[in-house]
Amino acid sequence: METTMLRFVAPALFLLGTGVAFAQTSGIPPEELTNTRRQAGDSITVCVDATGQSRAFDLDVAQAIGDALFLQVKPIEGFGGFPVNGDGFMDELTLAMNNTCDLFMGVSVSTEVQVSEVFSITRPYVTIPFVLAVANSDWQKLADIPLDQRLGTSMSSIGEMTYITWAQQRAKSERWVRLPYADPDLMATRVLDGTIAGMILWQPTLAKLQADRPDAQKLRTIATDPVAETAIRVGALVSSRDSFLRNQVDQAIDALVADGTIQGLLDKHHYLGHAGE
């Protein structure tokens, strides 16, 4: 399963790597919640999801934010391995943000949803697209792929949903057959062996595949035309009780975008997209 762990934090939580909507729950016993504000002094505790495809990048951004604020960054990797239906996720995230984490890196920043009152989201530090990856050197855009070929999509991802929305407006003969994949590694194998013509996935996932697999270097990205490009604006989660930290992080992100630091981190990790909005 592609688990980028980018999330809408709203009345329901949305896991953008898999696209699974998580209902907000309220099953936390009150005694499990710490009601006192943590006094971190000169440090911040930064949490990332252990299964997140962009976690190394997100930790680099967190370190840059800490450096800008003259704070020591204490990273915690965890929160992975949730059931597909999201059982218990909201409870665990609420506990983590209330009791442990000052920042949770790698959440989707969306202006279209209302943020849960439990959390606050920083301004975006990066925007990264979903891409169409192919092995055929003759194709320059999706429209170049014959309609009798099949496409792979990351199961329940935003990129897949964009394709489904487009396809539903076309006759069956005017669209490609879509095969959803939970495993991006298997999907890449199927592109390379010709079972499917291409795959739609979040670009950091492709970058990780190409770093881990020498044969994946044969994959190249092409334009998604006639399907609209989909990109994710990524920020960090902050407890709604800590508006001062939220403001400080926003100012640090502004500075890191302006001075090219975040663009440099994009280049380091071989990510497409751009710093900030």
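The values are calculated or read from the model by the stated rules, or taken from the named source; none is laboratory data. All of these numbers come straight from a predicted model, not from anything done at the bench. No Cβ is skipped: glycine too gets one built from the backbone with ideal geometry, and neighbour counts run over all protein chains shown. We work out accessible area using only protein heavy atoms, side chains counted, and drop any ligands, DNA or RNA first. Shrake-Rupley method; radii C 1.70, N 1.55, O 1.52, S 1.80 Å.
Those strands (runs of 3 or more DSSP E) of segment 193-277 in which 3 or more residues are of a type in the set (Val, Ile, Thr) occupy 231-239. Across segment 73-87, the number of residues qualifying as open to solvent by less than 60 Å² (accessible area, probe 1.4 Å) and at pLDDT 60 or above comes to 3.
Per this entry, residue 260 is counted among residues that are of a type outside the set (A, V, I, L, M) and at pLDDT 95 or above.
Checking 219, 237 one by one, the residue that is open to solvent by less than 40 Å² (accessible area, probe 1.4 Å) and in the same structural domain as residue 161 (by the TED database) is 219 and no other.
Here residue 167 clears all of (1) exposed (fewer than 15 other Cβ atoms within 10 Å of the Cβ); (2) over 25 Å from residue 107 (Cα atoms); (3) not β-branched (Val, Ile, Thr) except the condition numbered (1). Only one of the numbered conditions (1) closer than 30 Å to residue 66 by Cα; (2) within 22 Å of the chain's Cα centre (by Cα); (3) open to solvent by 30 Å² or more (accessible area, probe 1.4 Å); (4) not β-branched (Val, Ile, Thr) is not met by residue 244, and that is (2).
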